[in-house]
Each structure stands twice: as C-alpha cells, then as structure tokens.
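Okay, structure first, notes after.
Read the figures in this text as sums done on the coordinates, not as results from a lab. Because the structure is predicted, anything quoted here is derived from the model rather than measured. Neighbour counts run over all protein chains shown; Cβ positions are idealised from the backbone, glycine included.
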Ligand code: SF4
C-alpha cells in the first residue's frame, strides 16, 4: 500500500470496426487503468476531425457521468486518460486529454510521466507570448508540437521533431484530425504498449487493458519509438535513439496491475519473486504470512512458497472509497482506518509476517502494525518487497520530497522502532533487478540507489508547480 501516488494512465483507439462505439470502449479501458490514477479522468472523441471531450474529477463513474458519455457519441479515433492521485488539488485545466485548436485543426493529447526540462521549455514558450491554461507538462508538449507542425509536412514529422526537444520520462498518446499517435521516451522509462480489438488498433499504458476489452496484446512500444495509426494501418518509426534504457522498476513493485505483462515480464511474477527473495534474505519464524492489499499480496504468496509458512489473509481493504470521501475526511488516520482493517479471526494470538510493497513516509506502515496488534497479533514482522526508498522520483507525476522519505533519515532499525514492528526487512537493492530478470531493458532504480538515468539537476518541482496561472 504504497504512499507514492499513482501514475497516470493513457489510452487511444483507432476504430476499424463499424459497430464499435469508441467512447464506450474508452470508458471501459479507463476502468482497467483506474489503479493508475483516481483524481480525474477524461475522454476525447474525434469524428471527422471534430473533437468532443469531457473531463471530470474523481474515479471513472464520478468523473464521466453516463449522459456526458452519450453526448460524446462515436467517432473514428478516441483518447482516454486517468490522472494520478495526489494530495494536491488539481484544477480542471490540468485534467486530460487536453484538446486544442491550432492552425491545422484540432489536436488532443495526454501523457504519463514527467518532462525534466519543463521549466526551460515553458520559459521559451512564454518568451514567445504563449498563453497557458494549465501548469502541466501536457500543454507544453502540445505547444511544442503545434510550433513544429507549422514547419513540417505532416503531424508525424511535427511529433518526431517535438519529442526530440523533450527530456524526461513519458508515454504520450495524441490524436490529430486523422491519426492516432503514441510515443515512448527514449529510455523506455514509462510503459506503453499496443494491441488490437477486432480490427481496431489500441495503445495503452498497460497490457491488462487488452484483456479487459477482449482484445489482443501485440507488443510493447520500444523506447524512442513512435506508433502512428491511420486509414492505411499501423506504422512504426524509431524517432529517438539512446545508448541506455531505464524502465521504471517501480512499475513492477507498485504502479502496474498484477495481470499486466510489462516488457516481457508478468508483474504478478515479479512481485512473487520479490517475496521469494525476501524469504531468503529475511527469514523469520511465524504462524502465517499475509500481504498488504493490493500490491503486497503477490509478494506474500512468494514469501509463503519459499519459506513454507502458510499464507492467509490478515488485512482487508475497502475498495469502495471514492474522491468524495477523500475530500470529506481530511483526517489521514481516520481515512486509513476506513481503508484498511485487520482480520481478527486469523490474526489473534498469531505471529504474523506482513508484506508490503514499499515504505515512503512510514505512517501507513505504523498504522498497519497498530491494526494487527489491536487485532491480537502476538508478533508482527514486516517485510518490504523493495529496497529502502531514499530518493525522490523526478520521473513520475509524484515527487515526495527527500525530507519526507523516512529511509533518507532513519536506519532500518530506527524505522522498525518507529512503526512498532518486532522486526523489519527490506529487499536488497542488488537483488531488485532480478525480480524482472527476463526484461530486455535495463532499469531505473534511482529512488532506491540515487542513480538517476538522466540529468535531473535542473528539475525543480517547486518552480514547476509555482507557475500557476492567476
Ligand atoms: S526513481 Fe523510482 S519511481 Fe521514479 S522512475 Fe526511477 S524507479 Fe521509477
């Protein structure tokens, strides 16, 4: 139950099946990506170059009411987006897809990730008298594409030139009046894949979307690759080269859904392996092992299989908490109590090993230990299916400051005392890459090691978010 905020999720579809309603398909796809963001969602539908869209705050049913979905109608191309969950308020202008009008008609765009040269690009655009509605990366990217489009013969060339100006980690989905385009950053830090539903092409942040829609996963978009779908089919262009790759390893730990296969590796299998490794690295005697829902479950199963200690449910998560509740109950402790409960029947009088995906600030872990003790656990041994999280991530939508990361100022023993556990063990940083050993890409593991795959020295989130439009 990571305290790191979720990622965003992107989706795009180019319809080749006459009977398909692509607004409905996009709506369903966003349900499959809901875990990547709960603060807002949006859908844009393109019918003959005329784009209708709707964006709203909250989880899918709150964000996109039925009547708005019907109003979007159907069309040839559609984009969908779920926005990350964060403590900060997100203005309506910062929800996606962003739909804009420019010299070539309309353009819709959404993304997952973070542009590290945002401030520089925005300043350059500001000097050219650009007028911004939002304070996010997406609008800056849209502007850069629009400026390139004036100089180029096609939208593909404009996007190709524009992405070369971006630094950072991103998966972008966009639609022009006649094309659907997806681009993955040159190091493959953020995930993006494509597949088919019947004859229609689909791009998405995760492969679980294809299963949910009854479609077929084709492959991951390669680092630096641009996928273009038009009335002649799908075209692939290698638009950027990089000497290294750096897939975000936290996708396996937390961001992605367990039924996703990411760059050739099952997320569920990676989590199980983390649990197996934890059992070897931090063995302890106990009556049963349980996982913190959702992301700790697979690792707990792995720990159980490797150690021979039985697996049982120790914690129950309330899955029906929407944004309205989050807004009403600002008290974190109260919120955590509503979100999670211990299963007293299983826990009472037992020595419990509890597995979670990560520890950022420590408050959630302390709460979990408290819950298990209050339910009568004799001993609580916490195991974490990732290493100590000591550095901020500048390559996702969320940057928890270093001073808030408990592992940046406390040792493992001190954290153990702080959360009130009988013992605590983290997966070693050296063994982390082996959880996804079949992956052909190298990994970013900077939040654990400090080895950022790209220069983040000019990345100041404070500056970035202070550029609010008055
Ligand atoms: S710093 Fe961590 S969370 Fe951020 S991209 Fe790298 S591995 Fe992923």
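General remarks:
- Helix 267-281 axis, angle to the chain major axis (alpha carbon atoms, nearest 10°): 30
- Segment 262-442: C-alpha gyration tensor shape, a/c 1.5 cut-off, then a/b vs b/c: rounded
- Anisotropy class assigned to segment 9-246 is rounded, per the alpha carbon gyration tensor with a/c under the 1.5 cut-off.
- Helix 118-127 axis, angle to the chain major axis (alpha carbon atoms, nearest 10°): 30
- Residues 35, 92, ranked from the fewest to the most other C-beta atoms within 10 Å, line up as 92, 35.
- Rounded to 5, the percent of DSSP beta bridges in segment 262-442 classed as antiparallel: 20
- Residue-span extension gain [residue 238 to residue 417] - 0.36 nm each, minus C-alpha spacing: 59.4 nm
- Inter-label distance, nm, simple model (7 Å from Cα along the C-beta direction), residue 150/residue 334: 5.3
- Approximate spin-label separation residue 404-residue 68, in nm, with each point projected 7 Å along Cα-to-Cβ: 2.7
- Between residue 129 and residue 351, the contour length at 0.36 nm per residue exceeds the Cα-Cα span by 73.5 nm.
- Separation of segment 3-66 and segment 125-186, taken as the distance between their Cα centroids, equals 20 angstrom.
- Crossing angle, helix 296-307 versus the chain [Cα axis fit, 0-90 degrees, rounded to tens]: 50
- Computed FRET value (nearest 0.05) for residue 344 with residue 93, which takes r as the C-beta separation and R₀ as 30 Å: 0.05
- Ordering 121-127, 362-368, 42-48 by mean Cβ neighbour count within 10 Å, with the highest value first, yields 42-48, 362-368, 121-127.
- Three-way shape label, segment 1-128, alpha-carbon gyration tensor, a/c 1.5: oblate
- Estimated purely from DSSP H runs of n ≥ 4, each contributing -39500 (n - 2.57), the mean residue ellipticity at 222 nm for the chain is -8000 deg cm²/dmol once divided by its residues.
- Residue list for segment 54-76, given a label point 7 angstrom along the Cα-to-Cβ vector of residue 18 and an amide N cut-off under 11 Å: none
- Geometric extent, Cα atoms of the chain - Rg, Dmax (angstrom): 22.2, 72
- Förster-model FRET efficiency, 30 Å R0, residue 363 and residue 280, C-beta, rounded to 0.05: 0.55
- In plain terms, the residue of 53, 194 with the fewest other Cβ atoms within 10 Å comes first and the most crowded comes last, giving 53, 194.
- When 197, 284, 353 are sorted by how many other C-beta atoms sit within 10 angstrom of their C-beta, beginning with the fewest, the order is 284, 197, 353.
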